[in-house]
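Heads up: the structure comes next, in structure tokens.
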Amino acid sequence: MFIVFEGIDGSGKSLIIEKLKDKLKASKKKVMVTAEPTDGKIGKIIADTEGFTPECEALLFTADRSDHTKKIQEWISQGYDVLCDRYVGSTLAYQSAAGADLNWLKTINSKITIKPDVTILMDIDPKISLERKKGSQLSRFEKLGYLKKVREAYLSIANDFEFTKIDANKDCEIIVKEIMSIIRKL
Ligand code: TYD
């Protein structure tokens, strides 16, 4: 299975993914945890550079995803359940919120992505998610006004892309239970 997690910064994806990994492993599953941007060469360019246009950033994230998708397909064919922190939804939400054209973003991603079995959208008010990040150094993406737009963008594409929305403000254990029940049904 290919399970993707989306949401604004501070929505708690990483913690939930770690907990799900443990649960799946406990039920004797082979699990691969992965994330975008990757720590490959293109992912590093994105992390290290500021001042790109939204379109340039979109192309870099998408190039990174193209290679990553090949790896994901290999893991799936080797029998792994793949838990992926961010995928195409991140480019659609973050780069459209930054001003790139949504249809163009869909087009450049259409041929280089595969359909996840499920995409979990961890939905949260950015005021709360940024509060959670207090004390840690914030990246150029982690600004309240921008994250509000990103959240709106996620919610507006949620139906089209069949995202399963989860209230990320709930207790972590409850969220893990909800996602496990979604996975079992699948
Ligand atoms: P991430 O590594 O998830 O952030 P963190 O520092 O919390 O681990 O992602 C870095 C940032 O990149 C995040 O703010 C979201 C942004 N991003 C995009 O804007 N577009 C994309 O396509 C992806 C994958 C990430």
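Taking into account only those residues within segment 51-67 that are acidic (Asp, Glu) and buried (at least 18 other Cβ atoms within 10 Å of the Cβ), which is farthest from Cys84 (Cα to Cα)?
The residue in question is Glu57.
Residue check, Arg140 against (1) within 16 Å of the ligand (Cβ to nearest atom); (2) farther than 18 Å from Gly12 by Cβ; (3) assigned to a helix (DSSP H, G or I), all met but one. Which one?
Here Arg140 meets the rest and fails (3).
Across segment 32-52, what is the number of residues that are within 13 Å of the ligand (Cβ to nearest atom) and farther than 30 Å from Ser77 by Cβ?
The total comes to 4.
From the set of residues in segment 109-128 that are touching a strand residue (DSSP E or B) at 6+ places or on another chain (Cβ under 8 Å), surrounded by 15 or more Cβ atoms within 10 Å (Cβ to Cβ) and of a type outside the set (Asp, Glu), which is farthest from Asn159 (Cα to Cα)?
Ile124
Within segment 42-50, can one find any residue that is surrounded by fewer than 18 Cβ atoms within 10 Å (Cβ to Cβ), β-branched (Val, Ile, Thr) and either in a loop (DSSP other than H, G, I, E, B) or in contact with a strand residue (DSSP E or B) (Cβ under 8 Å, 6 or more places away or on another chain) (or both)?
Within segment 42-50, one or more residues are surrounded by fewer than 18 Cβ atoms within 10 Å (Cβ to Cβ), β-branched (Val, Ile, Thr) and either in a loop (DSSP other than H, G, I, E, B) or in contact with a strand residue (DSSP E or B) (Cβ under 8 Å, 6 or more places away or on another chain) (or both).
Of all residues in segment 81-137, how many are in a helix (DSSP H, G or I) and either among the hydrophobic types (A, V, I, L, M, F, W, C) or at pLDDT 95 or above (or both)?
24
Identify, from the list Ile157, Ile179, Ile166, Ile174, the residue that is hydrophobic (A, V, I, L, M, F, W, C), closer than 20 Å to Asn109 by Cβ and either modelled with pLDDT of 95 or more or open to solvent by less than 70 Å² (accessible area, probe 1.4 Å) (or both).
From the options Ile157, Ile179, Ile166, Ile174, the qualifying one is Ile157.
Just checking, which of Lys25, Lys29 is away from the ligand (no atom under 12 Å from the Cβ) and part of a helix (DSSP H, G or I)?
The conditions single out Lys25.
Open to solvent by less than 60 Å² (accessible area, probe 1.4 Å) and farther than 24 Å from Ser11 by Cα - does that describe any residue in segment 86-108?
yes
Within the set of pairs 6 or more residues apart or between chains, which connect a residue that is on the phi > 0 side of the Ramachandran plot inside segment 112-127 to a residue that is of a type in the set (Gly, Ala, Ser) with Cβ atoms less than 6 Å apart?
none
The values are calculated or read from the model by the stated rules, or taken from the named source; none is laboratory data. The structure displayed is predicted, hence computed values, not measured ones. No Cβ is skipped: glycine too gets one built from the backbone with ideal geometry, and neighbour counts run over all protein chains shown. Keep in mind that these areas ignore ligands, DNA and RNA; they rest on the heavy atoms of the full protein, side chains included. Shrake-Rupley method; radii C 1.70, N 1.55, O 1.52, S 1.80 Å.
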